[in-house]
Amino acid sequence: MKTCLECGDPIVGREDKKFCSDGCRNAYNNKINKDSTNYMRNINNKLRKNYRILSELNANADGKSKTTRAKLMSKGFDFEFFTNILNTKSGNTYYFLYDQGYMVLDNDFYILVKKDI
């Protein structure tokens, strides 16, 4: 007889079940997927905050807008945290947080873009 990966109780039902209940399955997966250190948690929180700020400022239909450095900073945007950099053939550099990105323009302006996924 198989036992639950979370609580160790016997499993009743299908042969390929791993958990005795949805609660045990959720608890097990939450433990596996949690941030293991404060350092990781802090970085992930900063990335999420930056993503929310870009999403909010770039909420228009075509996925492009313009903003200023001052507006980004007033909302708490941290320019040191992003997920990847895209260098285009034309020499432009975009900084992305998942599918939300920005590029530095002249005079402290930024263009905000959204990748089509």
Cα extents of the chain along the three principal axes, largest first (Å): 68, 29, 25
Within the accessible area of the chain (1.4 Å probe), percent carbon and sulfur: 49
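Which whole-number value in Å² is the accessible area per residue of the chain, probe 1.4 Å?
In whole numbers, the chain has 72 Å² accessible per residue.
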Net charge dipole size for the chain [Lys, Arg +1 and Asp, Glu -1 on Cβ; Debye, nearest 20]: 80
Gain on full stretching of the segment that runs from Asn60 to Ser36 - 0.36 nm per residue minus C-alpha separation: 5.0 nm
Surrounding net charge for Ser21, when Lys and Arg each add one and Asp and Glu each subtract one, Cβ distance under 9 Å: -2
Inter-site label distance for Met73 and Arg48 at 7 Å from Cα along Cβ, in nm: 2.6
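The values are calculated or read from the model by the stated rules, or taken from the named source; none is laboratory data. As the structure is a prediction and not an experimental result, all values here were calculated from the model. Quick reminder, even Gly has a Cβ in these numbers, built from the backbone with ideal geometry, and neighbours come from all protein chains shown. Just so you know, the surface numbers come from the protein's heavy atoms only, side chains and all, with ligands and any DNA or RNA stripped out. Shrake-Rupley method; radii C 1.70, N 1.55, O 1.52, S 1.80 Å.
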